[in-house]
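K.L.:
Before we start, here is the structure in question, set down as structure tokens.
Every read-out reported here was derived from the displayed coordinates using simple, explicitly stated rules and does not represent laboratory data. Keep in mind the model is a prediction, meaning the values are calculated, not measured. Quick reminder, even Gly has a Cβ in these numbers, built from the backbone with ideal geometry, and neighbours come from all protein chains shown.
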Amino acid sequence: MGLVLNGWVPFPLADRRVILADRNVVNAITRSQAARSRQEDRWVDSIPKGTEVSPLLHVLEGSKTQQQSFDQVLGELEQAILQLAHARPDLRVTPMTSAHISGLMGLWQDLREAYPRNLPFLREVWFRLSQPMNHRQRLDAENFVLDAASRAGISRSSLVVVAALSCIHSNSQTTNIENRIRRPGWAVLKPRRSFLERYAYNALMDIFHLEILLRAAAMLGEGEAVLYTCDVGLAAFWAALAPSAPRSLNDRELVAQSNDLSALYPALSGREIDGLIARLGCKA
């Protein structure tokens, strides 16, 4: 599906100036036509000819579920460009000019700086988020998450904290596909009883992908970029967040600009959501 501002659209309708393709999508495009038929990836053939595809998300995530050196990122980039050009020569892969490489390095540096703060935060709250909670336990867990964010030195209104709070303020404890919509924070973080860094890495990369989409929207304008993903959980969280076109990349403004947070915090009333936004340091 294609993630755009205010929600998502099916792949055939996700026609935008630039496609930001995550790792699963790039892998689907580069599989042989016979393999795509067997694995129900034929939707990639519906991508219009001449569409610009950026493997940016694919290369930043890497293939080893751990942080990469910039040389490793460049190696992933070279391989992805060759694979995409071979699989779909009718698509236009984003050219890697010196300006693009500089921008890629900037994003890589942002990721390297954020990861050491976000990882301890998730490690601390991981088990707590995986547990069922009653009303009182949710309030205690909310304070625990906000305190953990302060200890980790990350903004209370950053997307990873918002996702953690969404895990808490859900009113469904089942885990089937339908309830990913009712539990959007859980759907993107996927907390478990046991913590493994690779689980946290995958969750943080998904959230970083959304941040890059927001940057693209701020730079290119609304309707110009789309994030292609096969991850239902990521789409559920994005749709629940439903941000409007960002005026800037400030965390607090992003939360305040979201259209309706009731899907993000389904266990809270409108007044309770306003109170939570205020506690995040935002105006409701």
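K.L.:
Mind listing the long-range amide H neighbours of residue 52? Cut-off is under 5 Å, sequence gap 5 or more, other chains count too, H placed in the peptide plane at 1.01 Å from N.
P.N.:
Those qualifying (amide H under 5 Å, at least 5 residues apart or on another chain) are 19, 92.
K.L.:
Okay, next question. Normalising by the residue count of the stretch 92-212, find the relative contact order in percent from Cα pairs under 8 Å and 6+ residues apart.
P.N.:
28
K.L.:
Taking 0.36 nm per intervening residue step and subtracting the Cα-Cα distance, what contour gain separates residue 94 from residue 218 on full extension? Intermediate results must be reported in sequence, preceding the final value.
P.N.:
On the way: separation 124, 0.36 × 124 = 44.64 nm, distance 1.84 nm.
Working it through step by step, the gained length comes to 42.8 nm.
K.L.:
Place the peptides 125-131, 113-119 in order of packing, highest mean first, counting for every residue the other Cβ atoms within 10 Å and averaging per peptide. Don't jump to the answer; show the numbers that get you there.
P.N.:
On the way: 125-131: 18.6, 113-119: 16.0.
The densest-packed peptide leads the list: 125-131, 113-119.
K.L.:
Okay, moving on. Provide the packing ranking of 84-92, 156-164, i.e. peptides ordered by the mean count of other C-beta atoms within 10 Å per residue, highest first.
P.N.:
On the way: 84-92: 14.8, 156-164: 24.4.
The most tightly packed comes first, giving 156-164, 84-92.
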